[in-house]
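Report on the following structure.
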Amino acid sequence: MYRVMLIDDEQSARSLLRESIDWASLDMEVVGEAASGIEAINVIDDFRPDLAFVDISMPFMNGIEFTELATKRYPNLVIIIMTAFDEFEYARQCIRLPVFDYMLKPFVRGEVTETLKRAKAKIEAMGPRKQEEEEEFEDSSIEQITKYIKENYTDSKLNLTFVAQTFGFSSSYLSRKFKQETGKNFVEYLTECRMEKAMELASKNVKMFVASSEVGIPDPNYFGRCFKKFAGVSYSEYQAKL
């Protein structure tokens, strides 16, 4: 099954795509969603999609910025840009990027299905993903990587692929070894570093939108979800308890 990710700040748009398309008939499945480009960059290494629907107009990191980053790290990722009619000229900025197609909102199910059939043909033409060779993993590598994360977690672009490339490993191999060595997956560890700092900032009465930016998650909605999952209460509730 080919893996699909839906990236749009409108829940209704993501739900419509998820529910209205017969993904199974296309040998596809929706494996993940994101409500912003920032959130998508943070979780894309977990979902590892073959294809992504990307809304062009999103806060904090728009579809063009996301596409620039994502296609550098995943050159074979098939991107379909979603845009409203009055944004189409803006969408044409993507012409310099490896975008597979553009789709106008509101969607027409038949057009989406036909686009997906063509996208599937392209994915199949690229052939199976190459098996990544396992690199030598020095005893000190995890210590170096965890130290690097602690020193650079404020960078909103920091993710598994970026760190893997920095240290000369494939992302899949680093993901597996990181879990084996630390007992946590990469995103859990990165989020933990960010949320520990966020709790420290909360105790100093720093406003949430400032804290979210300072810990490398400039999207306050995504930051809020991460904080509540980590602390068990919302940012404001945590501050009220202090």
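The values are calculated or read from the model by the stated rules, or taken from the named source; none is laboratory data. For clarity, every value in this text was computed on a predicted model and none was experimentally measured. We place every Cβ from the backbone using ideal geometry, glycine too, and count neighbours over all the protein chains shown.
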- Any idea which of ARG176, ARG129 is farther than 29 Å from ASP22 by Cβ and either modelled with pLDDT under 90 or acidic (Asp, Glu) (or both)? ARG176
- Task: Inspect the stretch 31-40 for any residue being surrounded by fewer than 17 Cβ atoms within 10 Å (Cβ to Cβ), in the same structural domain as LEU116 (by TED's automatic domain parsing) and not in a strand (DSSP E or B) and give the result as yes or no.
- Result: no
- Note on the structure: Looking across the stretch 56-87 at residues that are among the acidic types (Asp, Glu) and more than 20 Å from PHE223 (Cα to Cα), the single one that is surrounded by the most Cβ atoms within 10 Å (Cβ to Cβ) is GLU87
- Which ones in the stretch 193-208 are assigned to a helix (DSSP H, G or I), over 20 Å from the mean Cα position of the chain (by Cα) and either surrounded by 14 or more Cβ atoms within 10 Å (Cβ to Cβ) or charged (D, E, K, R) (or both)? GLU196, LYS197, ALA198, MET199, GLU200, LEU201, ALA202, MET208
- Query: Taking the stretch 1-30 as the search range and keeping residues that are assigned to a loop (DSSP other than H, G, I, E, B) and not hydrophobic (A, V, I, L, M, F, W, C), which one is surrounded by the most Cβ atoms within 10 Å (Cβ to Cβ)?
  - Reply: ASP8
- Message: If a residue must be without any contact (Cβ under 8 Å) to a residue 40 or more places away in the chain and in a helix (DSSP H, G or I), how many such residues does the stretch 175-190 contain?
- Response: 6
- Message: Give me the residue from the stretch 209-242 that is surrounded by 19 or more Cβ atoms within 10 Å (Cβ to Cβ) and small (Gly, Ala, Ser) and, out of that set, nearest to LYS150 (Cα to Cα).
- Response: GLY216
- Scanning for something under 19 Å from SER171 (Cβ atoms), modelled with pLDDT of 95 or more and not charged (D, E, K, R), does the stretch 35-54 turn up at least one residue? yes
- Message: Out of LYS150, LYS207, LYS157, I need the residue that is outside the structural domain of THR71 (by TED's automatic domain parsing), over 25 Å from PHE66 (Cα atoms), out of contact with any His (no Cβ under 6 Å at 6 or more places or on another chain) and not small (Gly, Ala, Ser). Which one?
- Response: LYS207
- Being in contact with a helix residue (DSSP H, G or I) (Cβ under 7 Å, 6 or more places away or on another chain), surrounded by fewer than 18 Cβ atoms within 10 Å (Cβ to Cβ) and part of a loop (DSSP other than H, G, I, E, B) is the filter here, so list the residues in the stretch 159-174 that pass it. SER170
- Query: If you scan the stretch 88-122, which residues turn out to be modelled with pLDDT under 90, crowded, with 17+ Cβ neighbours inside 10 Å and in a helix (DSSP H, G or I)?
  - Reply: ALA91, CYS94
